[in-house]
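Reading through the structure tokens given below for one structure.
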Amino acid sequence: MSKKIKIGFYTKFHKGSLNTPHNVIGDELYAESICRYLKKFDEVEDAQLYAANYKPGAKLDVMVYLNDTQPDLNWAFKHVLYMQNGYNSSSESVLKELRQNNYDGYAFVSNKLLSLHKKDGKQGIFIPFGVDLDTFRPQNFEKQYCFDVAYVGNDIKGEFRTKKYLMPAVKFNFGLFGNWPLTHPLHRYKFWKNWDIPAYVTKLNKISRGKLPQEKLPVLYSSSKININFTLQDCVDWDVITLRTFEVLACKGFLISDKVSIAEKLLEGCVVFTDGDNDLIEKIEYYLSHEKERGDISLNGYNYVIKNASVESRARELLNYLRGI
């Protein structure tokens, strides 16, 4: 492609999650940040996020699909799958199913998954997550967000991982944000109205402070002494460094995270890694009482992200790939 191009991103979820009482859709925010930077490049005429409630009105040059969505040939001349979601089943099996849609290109946040894709004779590119450094940057402390430990999220990681990596924080001054409803889909049926909610959900529902305004997320990361990160097992299996990791570090926040091989390698000295349970409790206690070490590690993480993990650089890599397909 030599002319300026029009690029779309498509999410199967509705746009506007910031303005609802429900949890924010990460796909939406990430794509919007990529679009902001793409529109700064001379080669791009326009870049927009589309969704089920906001479809393109004219044919684009390229549509990038963020979820397991079948391409709509009326929307663009070229169609690219960007596998940046984790799945409860293996991403490898999901990818094999999605390839039946015959996308024109493939992008991955997992280099490991890309390697398997290439072994099958397919082409693609590795574009890991990148953080919007205009939004996520060090903030002045605000007293109401100066928790010992903080986490923003919901119950999508499942009972095993949530109990292992989140419940240990409950014994501390814990700033938990997100929706943890005491409901189950089966509650709509009279027979299942007394379906038991797991004890860990009841506990987290009780202490959760609800949905955090998005503009306060960098403040929370900067103000809390320790931030917690843990992810889907699928992301661990496929060596994915989550976007939350980079967002916390970009705010010069201190992070304790579950173990992902590539993260342990690239972020050594920038993040503290844990096996969860008692190991997490011990590390929280240690770093709460060692402020200088927290500061040194946080600074290492901040410097790493500034040099290596901006969304602007990811947008440039993606654009170069899209122009070549």
### Message
Cut-off is 10 Å between beta-carbons; in what order do 79, 290 appear when sorted fewest neighbours first?
### Response
290, 79
### Message
Can you say what percent of the DSSP beta bridges in the chain, counting only those with both residues inside, are antiparallel? Round to 5.
### Response
5
### Task
Among the lysines, select those whose C-alpha is under 27 Å from the C-alpha of residue 39, and discard any that sit fewer than 8 residues away in the same chain.
3, 4, 6, 12, 15, 55, 59, 78, 216, 307
## Note on the structure
Note, region 95-105: 3J(HN,Hα) by Karplus (6.51, -1.76, 1.60, θ = phi - 60°), whole Hz, Gly/Pro = x, goes 4, 4, 5, 5, 5, 5, 7, 6, 5, 7, x
### Burial ordering of 219, 64, fewest other beta-carbon atoms within 10 Å first
219, 64
### Task
Search the structure for amide H atoms under 5 Å from the amide H of residue 178, placed 1.01 Å from N in the peptide plane, and list their residues when 5 or more places away or on another chain.
153, 209, 210, 211, 212
### Task
Tabulate in residue order the Karplus-calculated ³J(HN,Hα) for region 168-181, using 6.51 cos²θ - 1.76 cosθ + 1.60 with θ = phi - 60°, rounded to whole Hz; enter x for Gly and Pro.
x, 6, 4, 6, 9, 6, 9, x, 9, 10, x, 8, 10, x
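Can you tell me the dipole magnitude for the chain around its Cα centre, using point charges on the Cβ only (Lys, Arg +1; Asp, Glu -1), in Debye to the nearest 20?
On the way: 44 positive and 39 negative charges, 141 e Å.
Result for the chain is approximately 680 debye, rounded to the nearest 20.
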### Task
Compute the label zone of residue 142 within region 243-265: residues whose backbone N is under 17 Å from the point 7 Å along Cα-to-Cβ.
248, 251-253
## Note on the structure
Residues other than residue 99 with Cβ under 9 Å of its Cβ, Lys/Arg counted +1 and Asp/Glu -1, net out at 0
### Query
Among 299, 249, 220, which one shows the biggest mean-square fluctuation in a GNM of the chain, springs joining Cα atoms closer than 10 Å?
299
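What ratio of Cα Rg to 2.2 N^0.38 Å holds for region 257-298? Could you put the intermediate results ahead of the total?
Values: Rg = 10.6 Å, N = 42, 2.2 N^0.38 = 9.1 Å.
Relative to the rule-of-thumb radius for its length, region 257-298 sits at 1.16.
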### Label-point gap, in nm, between residue 96 and residue 262 - each point 7 angstrom along Cα→Cβ
2.2
### Theoretical FRET efficiency, 1/(1+(r/R0)^6), r = Cβ-Cβ of residue 179 and residue 323, R0 41 Å, to 0.05
0.55
### Query
Which cross-chain or sequence-distant (5 or more) residues have an amide H under 5 Å from the amide H of residue 273, H modelled 1.01 Å from N in plane?
257
### Whole-Hz ³J(HN,Hα) from phi, Karplus 6.51 cos²θ - 1.76 cosθ + 1.60, for region 70-83, glycine and proline x
6, x, 9, 5, 7, 8, 7, 7, 10, 9, 10, 8, 10, 7
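Tell me, in nm to one decimal, what length is gained between residue 215 and residue 291 on full extension, where the rule is 0.36 nm per residue of separation less the Cα-Cα distance? Don't skip to the end; give the middle numbers.
Numbers: separation 76, 0.36 × 76 = 27.36 nm, distance 2.61 nm.
24.7 nm is the gain from fully extending residue 215 to residue 291.
Can you order the peptides 120-131, 229-240 by their average number of other Cβ atoms within 10 Å per residue, highest first? Intermediate results must be reported in sequence, preceding the final value.
Numbers: 120-131: 17.3, 229-240: 20.7.
Most protected by this proxy first, the peptides run 229-240, 120-131.
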### Query
Mean 1/r over all different Cα pairs, inverted: what Kirkwood radius does region 143-308 give, in Å?
16.5
### Share, in percent, of DSSP beta bridges within region 143-308 that are antiparallel, nearest 5
5
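222 nm [θ] for the chain, helices only, -39500 (n - 2.57) per DSSP H run of 4+, per residue, to 500? If you can, show how the numbers build up before the last one.
Working: 12 runs with 116 residues, N = 325.
Using -39500 (n - 2.57) per qualifying helix, the result is -10500 deg cm²/dmol.
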### Message
Can you sort 162, 135 from fewest to most other Cβ atoms within 10 Å of each residue's own Cβ?
### Response
135, 162
### Message
Under 11 Å from a point placed 7 Å out from the Cα of residue 156 along the Cα-to-Cβ direction: which residues of region 87-101 have their backbone N that close?
### Response
87-88
### region 197-239 and region 250-319: distance between their alpha carbon centers, rounded to Å
16
### Task
Go from 0 up to the bin containing the longest alpha carbon distance in the chain, width 20 Å each, and give me the % of pairs per bin.
30, 57, 13, 0
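Laboratory data are not the source of any read-out in this text; all were calculated from the coordinates shown. Bear in mind that the values here come from a model prediction, so they are computed numbers and not experimental data. Cβ sites come from the backbone with ideal geometry, for glycine too, and all protein chains shown count toward neighbours.
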